[in-house]
Amino acid sequence: MKRHWIIVVAGLIAGGACYGAGAEEQPALSKTPVTKTPEQLEAERARRIEAQNKVWNAMSVEERARLLQLHSDLQQLPKEELKIIRERINRYLRMKPEERKQLEENYERWAKMSPAEREKARQSYLRLRWEHEQRWRKEHPGQEPPPFRLSKPAPAPAATTEPAINSPVSTAPAENP
């Protein structure tokens, strides 16, 4: 799992650098579809390659080595995992600046936590998700609950025996009325 996270983060950094490098050269999209000639397509391709070369040449030797290792690691992944990684990179690249900032803040907060604090946060999140699912099922019988998203950090878990959290949370409806 840690390897995948490193790959995703490195890919986001490298993808963001390559994505942003040619951004100022991209023309505004028009509302009418335009058929491009082969010469125009080749010229666009050449501009993209030039922008990528500019980014590559600006990288240090260490950054290049990390990027080449990342590329090698990505090529060895199963196609389904690679598809998931690409989807997440694209989702990150489409994020608004405030969403990226929140993601970075969450990552920094998580990185500063001790393993015990991380486990406590996981337990709290799973408890809150379980409670959300139970409330939803009670209010909307027969419907699957929507995805659970926290709008702020989860509070410390209360002393309860409700869901057994060492395994995935049960999504079966509660049996107590």
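Just so you know, all these numbers are worked out from the coordinates, no wet-lab data involved. What you are looking at is a predicted structure, and each value in this text was computed from that prediction instead of being measured. Glycine also receives a Cβ, built like all others from the backbone with ideal geometry; neighbour counts cover every protein chain displayed.
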Fill in: Gain on full stretching of the segment that runs from residue 99 to residue 59 - 0.36 nm per residue minus C-alpha separation
11.7 nm
Discussion item. For the pair residue 112/residue 72, report the inter-label distance in nm, with labels modelled 7 Å from Cα in the Cβ direction.
Written reply: 3.6 nm
